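What follows is a short report on a single structure.
The values are calculated or read from the model by the stated rules, or taken from the named source; none is laboratory data. Source: prediction; values computed, not measured. Virtual Cβ from ideal backbone geometry, glycine too; neighbours counted across all protein chains shown.
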Amino acid sequence: MARIFITGSTDGLGFLAAEELLQQGHEVVLHARNADRARDVVARLPTMTPVVIGDLAQLAQMVQVAEQVNHLGQFDAIIHNAGLFTGDAQGRVETEEGLPSTIAVNVLAPYVLTALIHRPQRLVYLASSMHEGASADLSDLEWKRRQWNSSAAYSQSKLCVVMLALAVARFWPEVNVNAVDPGWVPTRMGGPSAPDDLREGILTQTWLAAGDDASCAVSGQYFFHRQRQQPDAAALEMWRQEALLSWCCERSGITLAGGG
């Protein structure tokens, strides 16, 4: 039995991954953005106590989430599932720290949690095929000079997620660290017309987090439906990975152990 923590797990892929892992007999700790969502998920999965609570759009609460997780002890695997897409109608939604919420949740939060939570044996980061072809110029990651574009910002954030996963895999060779494209699936974020299979959308991350076959004992890979894929070439460039880590460190004040 493995102990697994999943961010953003009150609905969508995170919740379904938790259900799958529970059915397999693993211990799963969920994460909710606020107390109301925590109560809702406990009502749906009564065995889910405690639930870690914190808004990953706010730096202080990212740190609090990490503290709560560490208080619960050592975990075997962490699935960084939490993600945010803000529509163009909403515009550039800014956090208390002045970041676009898309960048705060999708990029800075997994960095901060990775840096602060006790190092597990396995780390899984949820990416997207939309990272392919995204802008690799990180000089305006905060979207202060560019005109806001929700789709482009989301795509760039997922490119950063792949960069982060590959960088952590380099720094922590004793940990299996991988990124996953779950496909375009019919969740609340993906929409009802999404063409990919919802169940297939969770099986790769649950397999990487808790599988016991040799094929999942790998690191520094990008997967789609349990098959290794080649990520966008920009994600493989170490100097870009270092630039991302430098930005994350500067914006959070938190250093990733082993990072540049």
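When THR49 is tested against (1) in a loop (DSSP other than H, G, I, E, B); (2) under 22 Å from VAL112 (Cα atoms), exactly one condition is not met: (2). When the test is whether a residue is crowded, with 23+ Cβ neighbours inside 10 Å and within 26 Å of TRP207 (Cβ to Cβ), VAL41 does not pass it. The listed residues are GLY91, GLY73, GLY87, and the only one of them that is at positive phi and in contact (Cβ under 8 Å) with a residue 60 or more places away in the chain turns out to be GLY73.
For (1) part of a helix (DSSP H, G or I); (2) surrounded by 15 or more Cβ atoms within 10 Å (Cβ to Cβ), each residue gets a yes or a no:
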residue	(1), (2)
VAL218	no, no
TYR222	no, yes
ARG228	no, no
PRO231	no, yes
ALA234	yes, yes
TRP239	yes, no
SER246	yes, no
CYS249	yes, yes
THR255	no, no
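Only one of these conditions is not met by GLU19: (1) assigned to a loop (DSSP other than H, G, I, E, B); (2) modelled with pLDDT under 95. Which number is it? Only one criterion in (1) assigned to a loop (DSSP other than H, G, I, E, B); (2) modelled with pLDDT under 95 is unmet by GLU19, namely (1).
Of all residue pairs spaced 6 or more apart or on separate chains, those with beta-carbon atoms under 8 Å, a first member in segment 37-55 that is small (Gly, Ala, Ser) and a second member that is assigned to a helix (DSSP H, G or I) and surrounded by fewer than 20 Cβ atoms within 10 Å (Cβ to Cβ) are GLY54/GLN61; GLY54/GLN64; GLY54/GLN68. VAL93 - would you say it is under 25 Å from GLY253 (Cα atoms), crowded, with 16+ Cβ neighbours inside 10 Å, more than 16 Å from the chain's Cα centre (by Cα) and not acidic (Asp, Glu)? Against the criterion (under 25 Å from GLY253 (Cα atoms), crowded, with 16+ Cβ neighbours inside 10 Å, more than 16 Å from the chain's Cα centre (by Cα) and not acidic (Asp, Glu)), VAL93 qualifies.
Here THR86 passes the criteria (1) among the hydroxyl-bearing types (Ser, Thr, Tyr); (2) more than 24 Å from ALA2 (Cα to Cα); (3) outside any loop (DSSP other than H, G, I, E, B) except the one numbered (3).
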